[in-house]
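K.L.:
Take a look at this one; I'll ask things after.
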Amino acid sequence: MDLVHASRIALAEALLAAGPDAPTLCEGWRSRHLAAHLVLRENSWLSAGTVIGPLSGRLEKKIDQLAESARRPESYTALVRRFRLGPAKLSPFSLPAVADAANISEFFVHTEDVRRARAQWTPRVLDADYERILWRSLTRQGSLLYRKAKFGVMLALPDGRRFAARKGDNAVVITGTVSELMLHAYGRTSKSLATFEGSEAGLRAVQGFTPGL
């Protein structure tokens, strides 16, 4: 199975189940804002606003406009279905190599942004191949995600595999399933079930630090 496509379907289903006005872990966004972001990310040149500062205001305005148009259940469903269909043929995201590199972590984290914003949630049990690909993505992005840490960071899976995301003093070992490590690394620290080991100074530092892009 194409795991990127399967991740897209899982995210679309989570959004549809939540409805247009459900909370998410993305600050200031309801589920309709997240759906709008996902559609624009793959289909609009304004998506460059995520990395190009001068465009960020225009991107946020467009997200708000699209989210506002999706307040009603039927218009929200249409927006989510638009995301579920995938990018337009001329979008860079239609290229398999781009989709594989850019979407696997994006779709996983945003699915949890919807699921874990509820009062009651449980971690998903993931397919072994999915976990393997998520770990590969995390080890590729980990150094970037923890680049601002003022302490060393070691990411550890329960099976003993480790990745040094950042070298430094007062190193902290962050242990958990790949799901929990992904959520911590992408800044969803309060909803991650990862555990920490290290010196007192390191543990104080990690509790006050939010990683992410």
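K.L.:
Please find, in a Gaussian network model of the chain (springs between Cα atoms separated by less than 10 Å), the residue of ALA22, ALA149, ALA201 whose mean-square fluctuation is greatest.
P.N.:
Of ALA22, ALA149, ALA201, the Gaussian network model singles out ALA201 as fluctuating most.
K.L.:
If Lys and Arg each add +1 and Asp and Glu each add -1, what is the summed charge of the other residues whose beta carbon sits under 14 Å from the beta carbon of VAL125?
P.N.:
Residues close to VAL125 contribute a combined charge of -3.
K.L.:
Still on this structure: Counting other beta carbons within 10 Å of each Cβ, put ASP21, ASP129 in order, fewest first.
P.N.:
ASP129, ASP21
K.L.:
If you restrict to DSSP beta bridges whose two residues both lie in the chain, what percentage is antiparallel, to the nearest 5?
P.N.:
Beta bridges within the chain, antiparallel portion: roughly 70 percent.
K.L.:
Points 7 angstrom from Cα along the Cβ direction at LEU95 and GLU60: gap in nanometres?
P.N.:
The two pseudo-label positions are separated by 3.1 nm.
K.L.:
Rounded to a whole number, what is D in µm²/s for region 3-115 from Stokes-Einstein with the Kirkwood radius over alpha-carbon pairs (25 °C, 0.890 mPa s)?
P.N.:
In µm²/s, the coefficient is 176.
K.L.:
Starting from region 59-145, pick out the GluC sites (Glu not before Pro) whose DSSP state is loop and whose Cβ has at most 11 other Cβ atoms within 10 Å.
P.N.:
Answer in residue order: no site qualifies.
K.L.:
Additional query: Where a ≥ b ≥ c are the square roots of the eigenvalues of the C-alpha gyration tensor, would you call the chain rounded, which needs a/c under 1.5, or, failing that, prolate if a/b is larger than b/c, or oblate?
P.N.:
Prolate is the answer for the chain, as a/c is 1.5 or above and a/b outweighs b/c.
K.L.:
How big is the shadow of the Cα convex hull of region 140-207, averaged over all directions, in nm²?
P.N.:
Quarter of the Cα hull surface area: 4.0 nm².
K.L.:
VAL172's amide H: which non-local residues (gap 5+, or another chain) put their own amide H closer than 5 Å, with H modeled 1.01 Å from N in plane and none for Pro or chain starts?
P.N.:
Those lying under 5 Å, H to H, from VAL172 are GLY152, VAL153, MET154.
Read-outs throughout are calculated quantities, based only on the coordinates presented, and are distinct from any laboratory measurement. Treat the numbers as computed from the prediction; the structure is a model and nothing was measured. Neighbour counts are summed over all protein chains in view; Cβ atoms, including those assigned to glycine, are modelled from backbone coordinates with ideal geometry.
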